[in-house]
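Each remark here refers to the structure printed beneath this line.
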Number of protein chains: 2
Amino acid sequence: MTFINKWLRADIQDIKAYHVPKSEHMIKLDAMESPFLIPKDLVKSYLTYLSEVPLNRYPDAGAEEVQQALRSLMDIPDKLGVLLGNGSDELIQLVSLACETGDTVLSVEPSFVMYEMIAKFTRLNYQGVLLDDNYEINLNGVLEEITRTQPKLIFIAYPNNPTGNAFDRESILAIIKESEALIVVDEAYYAYSEGSFLNEVANYPNLVLLRTISKMGFAGLRLGLLIGSQNTIRELDKLRLPYNINTLTQASANFLLKEKDHIIANANIIIDERQRLFDELTAMPGLKVFPSQANFLLIKVDDAKSLFEFLKSNGILVKSFTMNPQLSNCIRLTVGNPSENNEFLEQIKNYYG
Amino acid sequence: MTFINKWLRADIQDIKAYHVPKSEHMIKLDAMESPFLIPKDLVKSYLTYLSEVPLNRYPDAGAEEVQQALRSLMDIPDKLGVLLGNGSDELIQLVSLACETGDTVLSVEPSFVMYEMIAKFTRLNYQGVLLDDNYEINLNGVLEEITRTQPKLIFIAYPNNPTGNAFDRESILAIIKESEALIVVDEAYYAYSEGSFLNEVANYPNLVLLRTISKMGFAGLRLGLLIGSQNTIRELDKLRLPYNINTLTQASANFLLKEKDHIIANANIIIDERQRLFDELTAMPGLKVFPSQANFLLIKVDDAKSLFEFLKSNGILVKSFTMNPQLSNCIRLTVGNPSENNEFLEQIKNYYG
């Protein structure tokens, strides 16, 4: 037995290493990325802006300018506070570290897997409550688990990943009201959703929002944010590692997020394409397409593994779910640009043809 | 009482927010940054390289190319594993999370403050053992505390910050041999030091090294690395958040770290300047300059606060220590470029003159 096997806690050793599939030269519709690059006419001034950044110096520790850029892009009211992280993941870890060891984290299932994973990393208990057959929150079930486990932290993805739907608003409000937990509503896909809880944050002191720019064209920057009352954010900020947002991410966000109209226009293209894919796929026999408020669609097929392999061999990467009974024979399709979506439609028609 | 004051653990609420002094238009000799920018003749091809990176896609999760670039820059043997973090801080947090709640983290004092801070964040106990009057490890004291507290994790900065010295090598080896802890030798300043434990990692399964490129010209990139046996790194990697190193940091490291000769030449300039500053300052009456293997000097003066304010009012920012009795009336001076150092020498002579 090696040193590390004796030394490291067993629950971490038991984790299987995270596998990222090879995607070179593939049409990449597996990871909820935006298909849009930085506009060509911006690239030159963007690079000039980057070139003026002194890489030998530590970043701005408070990243005030980035916060302003995000406030302005996302219409975040001044009365709310903003806390930045390297992607949502670092912020999920931060609020998890804010808890005491052994506290319970509650979420619904299926949802974003990192809620459970990071609960384990930070030595918290995790309790999942299954969604119903329509992937809607089982409110009674959640409220019962709240009474039973007294969770310290509740994560609700809105819209939800990987199901794509935005849960019933009243159910979420009931959870916020009935629990003494910190409720983290994860709005990673807000740009593609009709609803948001941004205007509720000021009404409920136990509500914070998680957002990211990863799904809006900037997955490479790894920039997420937590939005809450000024007081809540000021206290949670004490757990942030200093200088966590590096200089190039800061400069890029400062420059690129000013293109609000362009970012919104890109999101609207995806929303239109989502509708087109939904309509065309729904019209195909044998497929069930679930309604989506995100930049992806969950699709139930006859044999997800076979379809996944067929698409892959034709150069298209999607996500297939095989292990989870709630998602059996489902694939998750990120909405690409029109030509990528056409290629997907052509291939799936070939497959079923 | 607000929600967050009821909700958040008290030891975090008690933390005073980290204060970063304003430094605009100052000669910045407070943060161990390298004074050297990217060479002018590289900037254009660097920017072209960055422009080819798709920001809309998630980063390479494994960051293999960055690992190779670091291996080659730092002569890391193939048989060792490398784990990347957003600065050393994220890696200190990662190894701390690998422990069980309530485990003890041991370090010497004064040293890098984040060992203790992150122990608190991750709900571990922290035990410091005072250095002796020459800022050397009190080996008997450390061994006694190892017996008493059975630490799970021991951090030893080599060279040490803020004292600048590299501790006695035999003392560190004795600690590695006598303890069942994971020993993290933090070589943040290795580029300026005569010694390293890199060649010892293969000999001691409980030894890992922490390094960073922050002190070598790239503080803005926030890129740190943990070096250990392949087996140790593979297990610890399970605690790494996926995609933690963003695309621009990866691309920048891949491109910029290839300039090994240039990076070493810059380090050698700093080593020469450190000697020049040491000699000139030692020759001044009333100053005690401590030997340094890092890119900074610890200097004991008659009144650190007064000197700090004088330098600041003359446009030079250093770090002064006022609270810690072991560092009373000490300032820490980062070695700058020759003209910055000349300006510092002129001002300190004015002050004492």
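Laid out as a table, the results:
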| read-out | value |
| --- | --- |
| Hey, residue B:166 open to solvent by 10 Å² or more (accessible area, probe 1.4 Å) and over 21 Å from residue A:85 (Cα atoms) or not | yes |
| Residue ID - modelled with the lowest pLDDT, chosen from residues in region A:1-51 that are under 25 Å from residue B:242 (Cα atoms) and small (Gly, Ala, Ser) | A:17 |
| Selected residue [closer than 25 Å to residue B:4 by Cβ and at pLDDT 95 or above] from A:199, A:161, A:165 | A:199 |
| Selected residue (only one of A:97, A:73, A:83 is touching an Asp or Glu at 6+ places or on another chain (Cβ under 6 Å) and of a type outside the set (Ser, Thr, Tyr)) | A:83 |
| Some residue of region B:132-146 being under 30 Å from residue B:262 (Cβ atoms) and either among the aromatic types (Phe, Trp, Tyr) or touching a helix residue (DSSP H, G or I) at 6+ places or on another chain (Cβ under 7 Å) (or both) | no |
| Selection from region A:12-33 of residues that are open to solvent by less than 60 Å² (accessible area, probe 1.4 Å) and more than 21 Å from the chain's Cα centre (by Cα) | A:12, A:13, A:15, A:26 |
| Every pair of residues 6+ apart whose Cβ atoms lie under 6 Å, when the first sits in region A:236-254 and is in contact (Cβ under 8 Å) with a residue 60 or more places away in the chain while the second is acidic (Asp, Glu) and open to solvent by 20 Å² or more (accessible area, probe 1.4 Å) | A:254/A:65 |
| Residues that are crowded, with 22+ Cβ neighbours inside 10 Å and within 14 Å of another protein chain (Cβ to nearest Cβ), drawn from region A:169-182 | A:181, A:182 |
| First in region B:260-273 and of a type in the set (Val, Ile, Thr), second anywhere and part of a helix (DSSP H, G or I) and at pLDDT 95 or above, Cβ under 7 Å, 6 or more apart | B:263/B:73; B:263/B:216; B:270/B:192; B:271/B:192 |
| Which numbered condition residue B:271 fails, given (1) surrounded by fewer than 23 Cβ atoms within 10 Å (Cβ to Cβ); (2) under 18 Å from the mean Cα position of the chain (by Cα); (3) under 23 Å from residue B:81 (Cα atoms); (4) of a type in the set (Val, Ile, Thr) | (3) |
| Among the candidates A:240, A:211, A:234, residue that is more than 8 Å from chain B (Cβ to nearest Cβ), open to solvent by 10 Å² or more (accessible area, probe 1.4 Å) and touching a strand residue (DSSP E or B) at 6+ places or on another chain (Cβ under 7 Å) | A:240 |
| Cβ pairs under 6 Å, 6+ apart, first in region B:1-21 and at the interface with chain A (Cβ under 8 Å from one of its Cβ atoms), second open to solvent by 50 Å² or more (accessible area, probe 1.4 Å) | B:3/A:205; B:9/A:100 |
| Test result for residue A:4, of a type in the set (A, V, I, L, M), buried (at least 18 other Cβ atoms within 10 Å of the Cβ) and in a helix (DSSP H, G or I) | yes |
| Among the residues listed as A:47, A:42, the single one being without any contact (Cβ under 8 Å) to a residue 24 or more places away in the chain, more than 21 Å from the chain's Cα centre (by Cα) and open to solvent by 10 Å² or more (accessible area, probe 1.4 Å) | A:47 |
| Yes/no for residue A:220 being free of Cβ contacts under 8 Å to residues at least 12 places away in the same chain, under 24 Å from residue A:59 (Cα atoms) and crowded, with 17+ Cβ neighbours inside 10 Å | yes |
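The values are calculated or read from the model by the stated rules, or taken from the named source; none is laboratory data. All values reported here derive from a predicted model rather than from experimental measurement. No Cβ is skipped: glycine too gets one built from the backbone with ideal geometry, and neighbour counts run over all protein chains shown. Only protein heavy atoms, including side chains, enter the accessible area calculation; ligands, DNA and RNA are left aside. Shrake-Rupley method; radii C 1.70, N 1.55, O 1.52, S 1.80 Å.
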